[in-house]
1. Select, from GLY43, GLY80, the only residue that is out of contact with any strand residue (DSSP E or B) (no Cβ under 8 Å at 6 or more places or on another chain), modelled with pLDDT under 95 and not hydroxyl-bearing (Ser, Thr, Tyr).
2. Within the stretch 1-21, track down each residue that is closer than 13 Å to GLY43 by Cα and polar (S, T, N, Q).
3. When you scan the stretch 84-100, do you find a residue that is modelled with pLDDT under 95 and within 22 Å of the chain's Cα centre (by Cα), even just one?
Amino acid sequence: MAKMREETISVLGMHCASCEKTVSAAVRALPGVEAVKADHASGAVKVRFDPAKSSVDDIKAAIVSAGYDLKPARFSQLLGVAIVVGVVALLGRNGGVDIS
């Protein structure tokens with residue numbers, strides 16, 4: 001028996017139960033996919049699959065083909081860092097914080 005793999009993929013654009021069904025059906029149609037659980041509230045799709053039959057890239061392509069976008073890896077973390085750096089820079093420019 002092949003070793004199954006589990007992945008969680010972040011998805012943008014799922015807003016309701018119908019979206020969950022659409023994404024789940026697209027992923028479930030791939031060979032080797034054993035289980036799919038899409039959750040619009042968290043924006044995540046959990047997939048259990050046989051990596052010898054389908055890859056993570058195949059799964060992502062199926063999600064995109066169904067009309068949804070993928071979140072860039074660590075998007076929220078990068079956004080948070082950018083905001084903090086921007087605030088510190090603005091405060092430093094305006095004399096609010098001595099950054100030297």
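The values are calculated or read from the model by the stated rules, or taken from the named source; none is laboratory data. Note that the structure is a prediction, hence the values are computed from the model and not measured. So basically every Cβ, Gly included, is an ideal-geometry build from the backbone, and we count neighbours across all protein chains shown.
1. Working: GLY43 fails: out of contact with any strand residue (DSSP E or B) (no Cβ under 8 Å at 6 or more places or on another chain).
None of the others qualify; the one that does is GLY80.
2. Selection gives THR8, SER10.
3. Of the stretch 84-100, the ones modelled with pLDDT under 95 are 84-100.
Keeping just the survivors that are within 22 Å of the chain's Cα centre (by Cα) gives none.
No, the stretch 84-100 contains no residue that is modelled with pLDDT under 95 and within 22 Å of the chain's Cα centre (by Cα).
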